[in-house]
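Report on the structure given below.
Derivation of every value follows stated rules applied to the coordinates shown; laboratory data play no part. Remember, predicted model here, so these are calculated numbers, not experimental data. Counting neighbours? That spans all protein chains shown, and the Cβs are built from the backbone with ideal geometry, glycine included.
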Amino acid sequence: MRDESGAVIRLEDYRPTDYLIDRTELDIRLDRHATRVRATLHLRANAAGRPSAPLVLDGDELRLISLAIDGRPAAPDAYEASPERLVIHAPPASPFTLTIETEIDPTANTKLMGLYRSGSAYCTQCEAEGFRRITYFLDRPDVLSVFTTRIEADRDEAPVLLGNGNPVKAGDAGGGRHYAVWHDPFPKPCYLFAIVGGRLDKVADTFTTMSGRRVDIAVYVEPGKAGDAAYALDALKRSMAWDERVFGREYDLDVFNVVAVSDFNMGAMENKGLNIFNDKYVLASPETATDTDYANIEAIIAHEYFHNWTGNRITCRDWFQLCLKEGLTVFRDQEFSADQRSRAVKRIADVRVLRSQQFAEDSGPLAHPVRPRQYREINNFYTATVYEKGAEVIRMLRTLIGEEAFRRGMDLYFDRYDGTAATIEQFLSCFAEASGRDLGHFALWYEQAGTPTVTARGHYDPAAKVYRLTLTQATPPTPGQLEKSPQVIPISLGLVGASGADIPLSPPATEGHAPGVFVLDGPSATLTFTDVPEKPVPSLLRGFSAPVRLEIDLEEEDLLVLFRHDSDPFNQWQSAQTVATRAILRAVAGDKRAADHRMADALRHFLAMRAASDPAFAAQVLALPTEADIAREIGHDVDPDAVHHARRLVKAEIGAALGDELAELYGRLTTREPYTPDAAGAGRRALRNACLDLLAAGRPAEGEAFALHQFRDADNMTDRFAALSVLSHLPGTARETALAEFAERFRDNALVLDKWFSLQAMIPETGTLERVRGLMSHPAFSMGNPNRVRSLIGSFAMGNLTQFNRPDGAGYEFLADIVIALDARNPQVAARLLTAFRTWKMLEPGRRALAEKALRRVAETPGLSPDVADISGRSLS
Ligand code: ARG
Ligand code: ZN
């Protein structure tokens, strides 16, 4: 156990290290229970540090076997070693070496940080602070070292031995063992270190870079699964080409390897030249992966690859700067996916995620700035705020300074900071220089937590032909930040005339900005548009130009004008969502016929016009706001059951009103063409399945029959699972039979069974908690595997609003039990599960009290990990 005094780490306390480690030589002899690691560190005093300070190296659950200083065994009084620290009291004159031998047990490593076993392989995860579980080190991102790694293992057990950088040597080590030496010429922080050893299959290819260098690329998977890695390899090649074309970034080593493992705490990891992935984001075949899985694989392969420049070549000075690499890299992967698929649909999907994850986080007790100022446990800051809001901040920056200046700023950043550990200030300075603008005020986006609300009020003066739009902003208080200042909010907008066309804007933009971009940087401002020939409908926040809540007093008719005509597809979709949200809110308030006919008429018209030409977009329009969206809209004293019933009512009304059209469209979209995972096919499937879902809500008997047929008839997982998902909401024998058939058909595929666990955990019925408990003893379930835990327990806690929030509190108590039990084994995954309570304060008083009680029980459990102690503590604050 790490000795955890619960110390708070603060950004303002940053100071450079006293020592640097120029070179690191590792000799790792893999063994299931007793892996020996010999590290030779080439150290020198840091001119920016304190002279002759003791050297304090980080450790975590380490056992020191031997220590030599400058090649000679260290005297016992020269140092002090504990599992979490190695202190050299008076290091010799600079430069000097330390040779440290440690022994670790990868099999006992259930935290999945450091070196551990996944299946029959050895692998590592070092970000954020896992390297200190392998050897004593200055485990912080501003210590950059050149690593040479020798890996030795039983040849039978681990014929494949992979490390960072380029392979330099391999051979026999005697006694049935062999070795490989890898050298990474690029100095890197130890969180980017990785090795893999095991019996693995691979798919391989080559990529020729823009300057003509040949790179050997490969994806390694468990034996027998190579066929399912082809799509990941293809996505990797497309990512490499895209980063050259769009950002001018070329790959820099001779090899690039991706390894898929089945036990992984997060999504994937960008270790230099050796990305390690949760196999969920690598393995795909038409029979086992949905279109969404394919899109996620493409995005995450790209994300980790893009880190090679944004994260690895330029890393973070300290963990407070995490968004420097994560927000920027999410922005880059979003742009990549937008270019590979439909830009509008991608934007809608990204905003859905932003709102459901980040807005939820930002409005509760776990709210924090994109660049936090303090933390107790850094692993708890790999959040939607750092990642997704971090990406929105980059997107706003590009909107504000324009695409060309943005690209110049990126070039300058790569040029100036390559090979360094940088800060947000250094990053922003490049864009200030490239654009000639002062970004001081803009930088507040990194410092201030909370989602700003922008309120818009319009007034048209027909005599003067003037339209005035008054915009005001306010950000609610968040923990530790009670007073908020106005931020720089780019608002892309248009004025839509009765014909549906945009009215030319005069002025066209806030001075110095692209057409249609207006900047609100004070508490309020009034925009005055002249020569406006008719009363316009304002289309604000086009493309979701800023991560804010928009409040505008548009009439239903105005929203429907935007839905029909807005030239901005995002706002078309948004206006349909807003109309639906209002209908559901009316139903929550007791209105029995909430979805009025105008909405159904508009949808009918829309489907007639757009279903054929833009099915992926149409599918997004047909997908109603989620229960969580509605709950956030209500904001306080939420009764999840009321939200559920209201949404169900509106969905049934729309499904019934459009029944004929939906059935007809469903039939028309049914094809016998073989499955391909491309965007066009995915769009058609998405629309067809959205039709099925709505139809089943409006005409359950017909929907069930269609769904059952589709479930049995499908030749791909997208359609099969969509059908099962529709059936899962229709209680009865058809559902239970289909669930049983699915489990039998895929009993050997853990990733597919995860879908099956997840779907059942999200059934909005009182029996679900018992079902989930029962599934915990299913042979395929294991508390040791993060994917299993997330699909069953995570889906229940995060994806089942009514059942997690049961009025009797049983959902809360269940999650508390799980978190306490899991904490001893894997604190990171336990802490992540516990964030399901992040919105507890907006519940009605009865549930609020029960949620608080469960949270307190967790918080008061003795011996909690820092991870869970931090989340429970902040959740209660
Ligand atoms: N840097 C990884 C990414 O691509 C995330 C790794 C986080 N892991 C952790 N244990 N905190 O986003
Ligand atoms: Zn990342």
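Can you show me the helix-derived [θ] at 222 nm for the chain, built from DSSP H runs with n ≥ 4 at -39,500 (n - 2.57) apiece and divided by the number of residues, rounded to the nearest 500.
Computed ellipticity for the chain at 222 nm equals -12000 deg cm²/dmol.
Of all trypsin sites (Lys or Arg not before Pro) in region 287-390, which ones are in loop regions per DSSP and have a Cβ with at most 10 other Cβ atoms within 10 Å?
Nothing satisfies the criteria.
Set the bar at 32 Å for Cα to Cα. Now go through Lys484/Lys651; Lys389/Lys535; Lys325/Lys853; Lys111/Lys484; Lys111/Lys272 and name every pair that lies beyond it.
Lys484/Lys651; Lys389/Lys535; Lys325/Lys853; Lys111/Lys484
Under a cut-off of 22 Å between alpha-carbon atoms, report the lysines in cross-link reach of Lys755, not counting same-chain residues fewer than 8 places apart.
Lys755 reaches Lys225, Lys280.
Which of the aspartates and glutamates could a cross-linker bridge to Lys841, judged by Cα under 18 Å and excluding same-chain residues fewer than eight apart?
Glu361, Asp362, Glu627, Asp629, Glu633, Asp637, Asp639, Asp641, Asp808, Glu813, Glu852, Asp870
For a test of the definition: using alpha carbon positions, the gyration tensor, and the 1.5 limit on a/c, classify region 453-552 as rounded, prolate or oblate.
prolate
For the pair Arg407/Ala498, report the inter-label distance in nm, with labels modelled 7 Å from Cα in the Cβ direction.
4.3 nm
By the scheme Lys and Arg +1, Asp and Glu -1, what is the net charge of all other residues having a beta-carbon under 14 Å from that of Ala738?
That works out to -1.
Please report the equivalent ellipsoid semi-axes of region 554-698, computed as sqrt(5 x eigenvalue) of the Cα gyration tensor, largest first, in whole Å.
26, 17, 14
For the pair Asp461 and Glu287, how long in nm is the line joining their label points, each one 7 Å along Cα→Cβ?
7.1 nm
Using the alpha carbons of the chain, what is the convex hull volume per residue in cubic angstrom, as a whole number?
Given the Cα convex hull of the chain, per-residue volume reads 160 Å³.
With Kirkwood's inverse mean 1/r over C-alpha pairs for Rh, give me the Rg to Rh ratio of region 1-197, two decimals please.
That ratio is 0.96, to two decimals.
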